[in-house]
């Protein structure tokens with residue numbers, strides 16, 4: 001069976017079974033991240049909020065879950081071929097770290113505009129950095145060239161069942177840590193995170209609501225849901241450097257079917273949420289990681305038809321890799 | 001029995017029994033804070049480190065534990081008289097919050113040089129702010145005047161058995177969360193935190209080592225240990241705004257007897273530790289809160305005779321109330 005082929009009865013690339021297997025596979029390596037709560041933020045939101053803090057995951061982002069699951073899913077023959085990926089930063093560092101743990105060299109294609117701290121993470125974990133231009137086309141072309149030159153195995157940052165399954169382990173933990181949750185708000189970019197989270201959460205509690213949080217300047221998931229098909233944008237423009245990718249053919253069907261709605265917020269709302277994360281939650285959160293809080297505080301959410309039924313909201317804080325100077329300059333624009 | 005009188009067989013102001021009672025008393029109100037670990041910091045320190053994150057405590061610092069225990073220890077007659085304290089910030093906010101929870105008005109004397117975010121916390125929790133000059137003398141004089149004018153009950157920030165007992169609940173949690181700990185490193189100022197932590201930890205495991213971490217510009221505990229008596233300084237000068245107080249007559253005997261050694265670090269080491277907390281642990285930590293990490297990375301610690309026996313080190317991250325601009329400016333001096 002090819003790793004990426006659909007495995008569930010719904011023909012999705014992952015299911016609760018593959019997610020539970022991922023949990024067992026990554027358990028020796030990944031952190032069980034804490035859930036923080038704040039009465040101050042609850043009172044601002046008018047809802048009980050549960051923050052699943054993946055900023056405390058290894059590498060500073062949820063990405064280690066999927067990368068670790070993918071690396072440890074490889075049989076020895078594939079592992080011997082080495083691995084390659086392209087990523088704006090967090091998947092890059094996560095794959096480098098997971099590969100290092102298994103003793104596999106990793107080639108990491110990184111766009112030149114990736115945040116400094118994310119590039120440093122890749123280097124810290126021993127990944128071999130190969131630069132590309134910022135565009136997704138350049139990232140993919142550069143990665144393909146490495147594939148051809150080296151024969152390494154591609155671990156795509158999101159359009160991969162092993163990655164989706166790894167990210168889904170977040171729901172297994174979170175719904176155990178905060179069993180009252182009736183709603184999840186999850187950042188969306190390529191869709192790997194929200195696909196895994198939605199598959200696991202709906203398997204555990206089919207009534208749970210799943211909202212995607214997406215930046216206005218990269219709202220391809222919002223457009224795709226309206227159009228009923230994958231809709232790519234000609235350009236993206238958002239401070240959320242981790243949310244600039246587009247849905248893939250494996251994540252789109254899950255997002256189409258299991259994500260109840262997409263909440264779109266602007267960069268100003270994201271920056272304000274980063275500030276609240278720092279000042280109230282006392283955590284370093286990157287723009288992409290703060291978007292769930294931005295969404296729950298947004299007018300878009302408060303005017304959503306389901307708003308009144310969302311009382312206990314789990315928010316995935318996806319990562320904390322933000323240069324201190326960038327954070328300071330953002331909140332002081 | 002007066003609240004502050006010695007209660008243990010050693011004539012200390014608190015003991016494991018009063019600390020366990022405090023745990024039951026504050027449990028409905030206080031957070032059980034998470035313990036974070038980082039392989040990156042472990043490899044820098046050459047030791048396994050466990051960070052008890054009191055930056056996530058209510059009010060952003062451990063102070064809520066003691067304040068909550070003190071407020072809920074008051075009988076109704078005393079509670080009706082209202083409460084007063086003086087504090088550079090964190091105890092102030094904690095007492096305001098605990099008093100608010102019990103529905104008691106709180107008068108809070110704050111020195112004019114207290115950090116903005118700490119003053120905002122006091123106001124957020126409904127405390128009535130009364131300004132004093134920065135000196136401890138002015139703080140105490142102003143608080144005494146409020147006492148005389150209002151008849152309110154003084155809740156001292158550290159020289160109080162109820163406060164010491166509340167802070168000691170940290171050890172009960174931490175040694176359950178990370179049972180391998182053989183050493184604790186705890187910030188020291190007036191000594192309320194380390195007294196409670198040491199009393200509880202040594203009661204649970206008499207072999208555990210307790211180190212105080214103290215800033216060079218306010219090293220009264222270091223001097224006191226050398227001199228064998230409480231030694232006050234004529235002036236203090238440190239970035240660690242929460243560590244400028246001196247030991248009291250109730251905390252000194254505990255520090256004298258139960259604290260194995262005092263590790264003194266300079267402001268530069270504290271700032272470097274704040275940066276590591278932000279960049280690696282992804283948490284907002286105030287200077288006073290980062291001093292434990294500064295101590296574990298210091299030459300003073302590495303040359304300590306007990307260093308080789310300290311392998312699993314619990315570090316109390318005491319608080320996270322640091323203005324973002326102050327953090328940014330500190331690490332960019």
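The values are calculated or read from the model by the stated rules, or taken from the named source; none is laboratory data. Since the model is a prediction, treat every value here as computed from it, not as a measurement. Heads up, the Cβs are rebuilt from the backbone with ideal geometry, glycines too, and the neighbour counts pull from every protein chain shown.
So the values come out like this:
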| item | result |
| --- | --- |
| Per-region count, the stretch B:58-75, residues closer than 23 Å to residue B:287 by Cα and not in a loop (DSSP other than H, G, I, E, B) | 9 |
| Identity of the residue in the stretch A:324-333, out of contact with any helix residue (DSSP H, G or I) (no Cβ under 7 Å at 6 or more places or on another chain) and touching a residue at least 12 places away in the same chain (Cβ under 8 Å), that ends up nearest to the other protein chains (Cβ to nearest Cβ) | A:326 |
| Considering residues of the stretch A:115-142 that are touching a strand residue (DSSP E or B) at 6+ places or on another chain (Cβ under 7 Å) and within 26 Å of residue A:254 (Cα to Cα) only, the residue farthest from the other protein chains (Cβ to nearest Cβ) | A:140 |
| Contacts under 8 angstrom Cβ, first residue in the stretch A:24-39 being more than 13 Å from residue A:62 (Cβ to Cβ), partner in a loop (DSSP other than H, G, I, E, B), 6 or more apart | A:34/B:34; A:35/A:178; A:36/B:34; A:37/B:31 |
| Residues that are surrounded by fewer than 24 Cβ atoms within 10 Å (Cβ to Cβ) and either at positive phi or at pLDDT below 95 (or both), drawn from the stretch A:90-103 | A:103 |
| One residue from B:321, B:237 being over 29 Å from residue B:16 (Cβ atoms) and within 14 Å of chain A (Cβ to nearest Cβ) | B:321 |
| Residue within the stretch A:35-49 that is part of a loop (DSSP other than H, G, I, E, B) and within 10 Å of chain B (Cβ to nearest Cβ) present | yes |
| Single condition residue B:55 does not satisfy, out of (1) in a helix (DSSP H, G or I); (2) touching a residue at least 40 places away in the same chain (Cβ under 8 Å); (3) more than 18 Å from the chain's Cα centre (by Cα) | (3) |
| Residue within the stretch A:105-112 that is within 11 Å of chain B (Cβ to nearest Cβ), at pLDDT below 95, under 29 Å from residue A:272 (Cα atoms) and touching a helix residue (DSSP H, G or I) at 6+ places or on another chain (Cβ under 6 Å) present | no |
| Helices (runs of 4 or more DSSP H) fully within the stretch A:175-292 counting 1 or more residues that are touching a residue at least 60 places away in the same chain (Cβ under 8 Å) | A:192-204, A:252-258, A:267-276 |
| Residue match in the stretch B:293-314 (condition: modelled with pLDDT of 95 or more, within 14 Å of chain A (Cβ to nearest Cβ), more than 21 Å from residue A:330 (Cβ to Cβ) and surrounded by 24 or more Cβ atoms within 10 Å (Cβ to Cβ)) | no |
| Residues of the stretch A:315-329 that turn out to be modelled with pLDDT of 90 or more and closer than 11 Å to residue A:274 by Cβ, as a count | 5 |
| Residue match in the stretch B:10-31 (condition: under 30 Å from residue A:55 (Cα atoms), within 11 Å of chain A (Cβ to nearest Cβ) and touching a helix residue (DSSP H, G or I) at 6+ places or on another chain (Cβ under 9 Å)) | yes |
| Subset tally (residues that are out of contact with any helix residue (DSSP H, G or I) (no Cβ under 7 Å at 6 or more places or on another chain) and closer than 25 Å to residue B:109 by Cα) for the stretch B:160-202 | 1 |
